[in-house]
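Only one structure is covered here, and it is reproduced in the block below.
The values are calculated or read from the model by the stated rules, or taken from the named source; none is laboratory data. No experiment lies behind these values; they were computed from the predicted model shown. Cβ: placed from backbone, ideal geometry, glycine included. Neighbour counts: every protein chain shown. Accessible surface areas use protein heavy atoms only, side chains included; no ligands, DNA or RNA. Shrake-Rupley method; radii C 1.70, N 1.55, O 1.52, S 1.80 Å.
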Amino acid sequence: MPRETPSPIDLPDEPLERPGLLWTGATIAIAALLLFVMNAVALRDWIEEQAPSPVQAQAAALAEQWVTITDDIGLGRPRAWLHDLWKKAEGATF
Amino acid sequence: MLFPTLTFGLFFLVVFTIVWSASGSNEWRKILLLLASWVFYGAWDWRFVALLIGSAFLNWGTAAIVSRTEEEGRRKAVMLIGVVGNLCILGVFKYYDFFLEQLGMLLHDFGFQRDMPLMQIVLPVGVSFFTFQGMSYLIDVYKRRIAAADLLDITLLMSFFPHLVAGPIVRGSDLLPQFREAPKLTRDAASIGLVLIVWGLFKKAVVASELSTGLVDPVFFDPASHSRIDLIAAAYGYAVQIYCDFSAYSDMAIGIAALLGYKFPLNFNQPYRAASLQDFWRRWHISLSSWLRDYLYIDALGGNRRGFARQCVNLMVTMLLGGLWHGAKWTFVIWGGLHGGVLAIERVWDRIRGEDWPRMPAWLGVIITFHIVVLGWIFFRAETFDQATAYLGGLANGTAAATLTVTPLACVLIGLGLGMNAAPVGLGQRIALRLRMLPAPVLGLLAGVTILIVDAMRFEGVAPFIYYQF
C-alpha cells in the first residue's frame with residue numbers, strides 16, 4: 001500500500017507544461033556566473049581553505065588576481081557594502 | 001561536505017550536469033547517483049561507505065527472503081533478524097560506550113570497580129537516519145505494504161545524498177516508485193527546488209549560525225555567569241536556531257532532490273504555531289514522528305488497541321525511545337520523557353473533559369505549547385543534566401548583569417525565526433508559482449543576487465548542522 005505523503009514540490013496549481021531541464025540549467029549557470037563575478041572573495045576564501053599544494057598555491061594566486069580585477073571594476077562593491085552593514089548590525093549592543 | 005558551502009555547490013554542479021546528461025538510461029542514472037552519494041558520504045570518512053553498503057545489503061537480502069517466504073512464522077523471524085541487525089549497527093556505533101558507562105557506574109554503586117572496555121567508536125554521520133530508513137523498508141515489505149526492490153534501488157534509497165546524513169527519513173513507499181521511472185525535470189519542481197535551497201541557505205547560514213555563535217553557545221556554555229535576560233533570550237534563541245538549522249537542511253535536501261527529479265515528503269510545517277503537543281509532532285520532523293508513530297507506537301507497541309492506560313504508556317515509551325534516538329545522553333531521554341508525559345496528559349485531558357466545558361483559546365494553546373517545547377529544548381541543548389538544571393536555576397533565580405550577551409540583531413533574528421511560523425501557509429509554493437513563469441536569465445540573476453545577499457550576511461565559516469550528530 002503506497003503511502004500518500006504531501007510534498008512541497010507539488011505546487012497548488014495546474015502543472016506548467018513546459019520543459020524544465022534547459023531552463024533550470026540556464027538559471028543555475030547564470031546564477032553561478034553572477035556569483036563568480038560579484039562574489040570573488042568567496043572563491044578566494046574557499047581556495048585558501050584547501051590543503052596546501054602547488055596547484056592550490058597557483059589557484060590561490062589566480063583567485064587573488066580575480067578579486068583585484070573585480071574590485072577594480074567595482075563588481076565586488078555591493079557585497080562588501082552589505083557585509084560591512086551586517087558587521088555593524090552584529091556589533092551593535094544594548 | 002556541508003550543503004551551504006562552495007565545496008558542495010561545485011559538487012552539485014558536477015552531479016547535476018553528469019546525471020541529467022546520462023538520462024537516456026535510468027539504470028545508469030541511478031548508478032551515477034549512487035557513486036555521487038558515496039563520494040558525498042566518503043568526504044567525511046571513506047570507511048563508513050562500507051557500513052552504508054553493508055547496511056543496504058542487509059536490508060535488501062532480508063527483504064528479498066521475506067518476500068519469497070510464504071510461511072508467516074518464518075517471514076516474521078527473517079524480518080526480526082533484519083531489524084535486530086539494523087539495531088545492532090545503531091547499538092554498536094551509537095550506544096555501546098554509553099551503555100557500558102552506565103553499567104560501570106551501576107557496578108561502582110554496588111561496590112564493584114571495573115574498567116569497562118570502552119571503544120571510543122566514531123559515530124558515522126547519519127547512521128540513525130539510514131538505519132531507520134532500512135528498517136522501514138524491511139517492515140513495509142514484511143507487512144506487504146510495498147514490494148521488495150532490487151539491490152540498486154535499495155542501495156540508492158539508503159545512500160541518496162540529499163537525505164543521507166540528516167533526513168528527511170524518506171521511506172521506500174515514497175522513493176522506490178520514483179526510482180523505477182526515468183524522472184523529468186519540470187519547471188514547477190525546479191522553481192520550488194530553487195526557492196527551498198535559497199530559503200534554507202538563509203535560515204542556516206544567517207539565522208541559525210548567527211544565533212548559535214553570538215548568543216546560544218556562550219550562554220549555554222556558562223549559564224551561571226549570564227543574566228536572566230540572557231538566559232531567556234538564549235532559550236528562545238535555541239528554539240529558533242534548531243528550527244532554522246534543521247528545517248534548513250530539510251528544505252535544501254528537498255530542493256536538491258527536486259533539481260535531480262525526485263520528490264521528498266514535507267518534513268516541517270511551521271511547528272511553533274502548534275496549539276498542542278500532538279499538533280507540534282504533526283509539524284516537527286514529520287518524517288521521524290510519522291516513523292515512530294507507524295513502526296514503533298502502532299506496529300510494535302499496539303498504539304491504542306490495548307486500552308487507554310496502555311495507550312498512554314505506549315506514548316511515553318515511544319517518546320523516550322524517540323529521545324534516545326537523538327543520542328546516547330540522559331538529557332535526550334528527559335527531553336523525550338517530557339514530550340511523552342505532556343502528550344499523555346493531553347490524551348487524559350481530552351478524555352475527562354466534559355463536552356460543555358469551556359475550550360482554551362487557540363492562541364493560548366500555541367503559547368503554552370511553545371513554552372513546553374522551549375523547556376524541552378533546554379534539556380536537548382544542555383551537555384549534561386547538571387548544566388540543564390543550572391540553566392533552569394538561573395532562569396528562576398537569575399540576576400541582572402552589567403553587560404548583556406543578547407544583541408539587537410539576535411532579538412531581530414529570534415523575532416524573524418518565530419515570525420516564519422506565522423507566515424501564510426504555502427508562501428514558498430506561491431512564490432515558486434510566480435518564479436516558474438520567469439525567463440531563465442531573469443530567474444538566474446534573481447537567484448544569484450539573493451545568494452549574494454545571504455553570503456554577505458552569513459557568519460564566517462559554517463557550523464555543522466545540529467542533526468549531523470544524530
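When +1 charges are put on Lys and Arg Cβ atoms and -1 charges on Asp and Glu Cβ atoms, the dipole computed for the protein assembly as shown relative to its Cα centre reaches about 1360 debye. In the range A:28-54, comparing the full protein assembly with the chain on its own, the residues that lose 10 Å² or more of accessible surface at a 1.4 Å probe are A:I28, A:I30, A:A31, A:A32, A:L34, A:L35, A:M38, A:N39, A:A42, A:L43, A:W46. Here chain B is described by how far its Cα atoms reach on the three principal axes: 67, 61, 59 Å, from widest to narrowest. Computed over protein heavy atoms with a 1.4 angstrom probe, the accessible surface ordering of B:C411, B:C312, largest first, is B:C411, B:C312. The alpha carbon convex hull volume per residue for the range A:40-94 rounds to 70 Å³. When accessible surface is computed with a 1.4 Å probe, chains B and A are found to bury approximately 4800 Å² between them, both chains counted. What residue among B:F110, B:P358, A:A40 has its Cα farthest toward the positive end of the dipole of the protein assembly as shown, where the charges are +1 on Lys, Arg and -1 on Asp, Glu, each on the Cβ? Positive-end residue among those listed: B:P358.
Calculated FRET efficiency, B:R74 to B:V14, Cβ-Cβ distance, R0 = 51 Å: about 0.65 to the nearest 0.05. Using +1 at the Cβ of each Lys and Arg and -1 at the Cβ of each Asp and Glu in the protein assembly as shown, identify which of B:A274, B:I256, B:G42 lies farthest towards the dipole's positive end. The Cα lying farthest towards the positive end belongs to B:A274. With a Cα cut-off of under 22 Å and a minimum spacing of 8 residues unless on different chains, the lysine pairs in the protein assembly as shown number 11.
Here B:K263 sits with roughly 80 square angstrom of accessible surface, probe radius 1.4 Å. Based on Cα contacts under 8 Å between residues 6+ apart, chain B shows a relative contact order of 20 percent.
Per residue, the accessible area of chain B comes to 41 Å² when a 1.4 Å probe rolls over the protein heavy atoms.
Each Lys or Arg adds one and each Asp or Glu takes one away; over the other residues whose Cβ falls under 11 Å from the Cβ of A:P12, this sums to -3. Heavy-atom accessible surface of A:R18, to the nearest 10 Å², is about 110 Å², with a 1.4 Å probe and all protein chains retained. The residues of the range A:71-94 listed by number as losing at least 20 Å² of accessible area in the complex, against the isolated chain and with a 1.4 Å probe, are A:R79, A:L82, A:H83, A:W86, A:K87, A:A89, A:E90, A:A92, A:T93, A:F94.
Burial here means at least 20 square angstrom less accessible surface with every protein chain in place than with the chain by itself, probed at 1.4 Å; in the range B:392-438 the buried residues are B:L404, B:T407, B:P408, B:L409, B:Q429, B:L433, B:R436, B:M437. Our note on the geometry: Cα centres of the range B:120-139 and the range B:348-419, 31 Å apart. Surface composition of the protein assembly as shown: carbon plus sulfur atoms hold 67% of the accessible area, using a 1.4 angstrom probe and ignoring ligands, DNA and RNA. For chain A, the membrane-span-like helices by this rule, meaning whole DSSP H stretches whose C-alpha atoms cover at least 15 Å of axis and whose Kyte-Doolittle mean is 1.6 or above, are A:21-38; this says nothing about an actual membrane.
Out of every Cα-Cα pair that the protein assembly as shown contains, those further apart than 46 angstrom amount to 16 percent.
Using only side-chain charges placed at the Cβ, +1 for Lys and Arg and -1 for Asp and Glu, the dipole size of chain B relative to its Cα centre rounds to 1280 debye.
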